[in-house]
Amino acid sequence: MSFNTHDGQTTPLIHPNNNNNNNNGIVSDLEYVQFHPTSLFLPNEARFLLTEALRGEGAILRDLDGRAFAKDYHPNGELAPRDIVARAVFMESQKSTDHGGRHNAYLDITHRDSKWLKDRFPTIQAHLSSRDAPMDFTKERIPVIPAAHYTCGGVTTDLNGCVVGESGRGDGAGWYRNLYAAGEAARTGLHGGNRLASTSLLEGLVYGASVGEMVAGVVAGDGAGDDDATSEGREKVMETMHRARHSIEHRLVMEQHRPPSESGLNGHRGGSGAGAADERTSREATDVLAHLKSLMWDNVGVVRTPSKLGLAVSELSAIRDEADRLWADSDGAAGWEVAALRDAAHSGLAVADAALANRVSGGAHYVVLDEGEERDGSASIKSRGESKEQDSDDDEDDLVAVRA
């Protein structure tokens, strides 16, 4: 993702060479990006997720003065739905300016037994204690901030994992022949607009198995009783698989025998001049990517407004064009920084475009309308697919909107 993700990585949601904004009709609901409510907030460090089990075991969200604030946003406090807790943490963190710029959202579980906590959460204990400046979550409050965590949308599929599109490139019924998706890349409709914890693992297992069975059924059939179309389809699938395998093996062989100075994403082109140019390009890409992440966080983050989304779309369009130029100029020899920027720019623009087109809050997509703007019910999540359901409450949303 091009957001400030917990692991600092970027993942393309759409094909990076696709320059139109309709994405050939094969992606949907990209605005529903779920934020984990509590990632470790330390300047200049990658976000580290502090599991929701901490709150399940009694951790309390507090502001800088020690006041518990979660129930200001929902009667269930720290155990409210994930999107509401994320907004609560975000809104409190925005009050840092009232405290001299000091952070204003913390997770506190110091009231529980220290030894029990360390045994119950060994990963958190190991991470915090291994820092240059160790922290002890059993004795001190931990600064937290939401982090982009999961996209509920993605490549639209049917119940078998077959990719569904609207561009007419499929088989006439809306499907793309021999194209499948499963896991976070897919938009199955299972999550609605707000994924429940752990359902992504179940989705990946169920739809991954379905895709495997579909492909295996096509490839492994004995041909008995098949009509001409089925036989032709099987042959095309097998041909595509063999061609893909050959291409991968050829690329691996080429990379193994290529000098380090010409190793593409693993290095730079030969020649001192080319190397210096590549280093400059990589630095430029790194700087632009940092700006892109800030742009996404500020304008396409936990709480969104149409005006900020419009600004983001405009700036991201320019960043995408610049990223494409850097990639094209590299002639395939760019460093990973350029590839990361290219993927993040296309992904970020796709998410911002989708968010701007939907004025209706639902689950992970929360919009506070600009003054004087009316909500367009035609963009409701409920109209975007019969399987889409949301877990929201108008009173709760109004409460957060008032505090925005």
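The values are calculated or read from the model by the stated rules, or taken from the named source; none is laboratory data. All figures in this text were calculated on a predicted structure; none of them were measured in a lab. Glycine also receives a Cβ, built like all others from the backbone with ideal geometry; neighbour counts cover every protein chain displayed. SASA here: full protein model, heavy atoms, side chains in, ligands and nucleic acids out. Shrake-Rupley method; radii C 1.70, N 1.55, O 1.52, S 1.80 Å.
Tabulated data for the structure shown
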item: Within segment 5-57, considering residues that are touching a strand residue (DSSP E or B) at 6+ places or on another chain (Cβ under 6 Å) and open to solvent by 50 Å² or more (accessible area, probe 1.4 Å), the one modelled with the highest pLDDT; result: F41
item: Selection status of N266, surrounded by fewer than 14 Cβ atoms within 10 Å (Cβ to Cβ) and either at pLDDT below 95 or within 21 Å of the chain's Cα centre (by Cα) (or both); result: yes
item: Top-ranked residue in segment 314-346 [being aliphatic (A, V, I, L, M) and either open to solvent by 20 Å² or more (accessible area, probe 1.4 Å) or part of a loop (DSSP other than H, G, I, E, B) (or both); ranked as modelled with the lowest pLDDT]; result: A333
item: Only one of G154, G165, G174 that is open to solvent by less than 30 Å² (accessible area, probe 1.4 Å) and at pLDDT 85 or above; result: G154
item: Meets criteria (out of contact with any Gly (no Cβ under 8 Å at 6 or more places or on another chain), at positive phi, surrounded by fewer than 21 Cβ atoms within 10 Å (Cβ to Cβ) and of a type in the set (G, A, S)) for G101; result: yes
item: Residue match in segment 297-307 (condition: under 22 Å from R82 (Cα atoms), assigned to a helix (DSSP H, G or I) and open to solvent by 30 Å² or more (accessible area, probe 1.4 Å)); result: yes
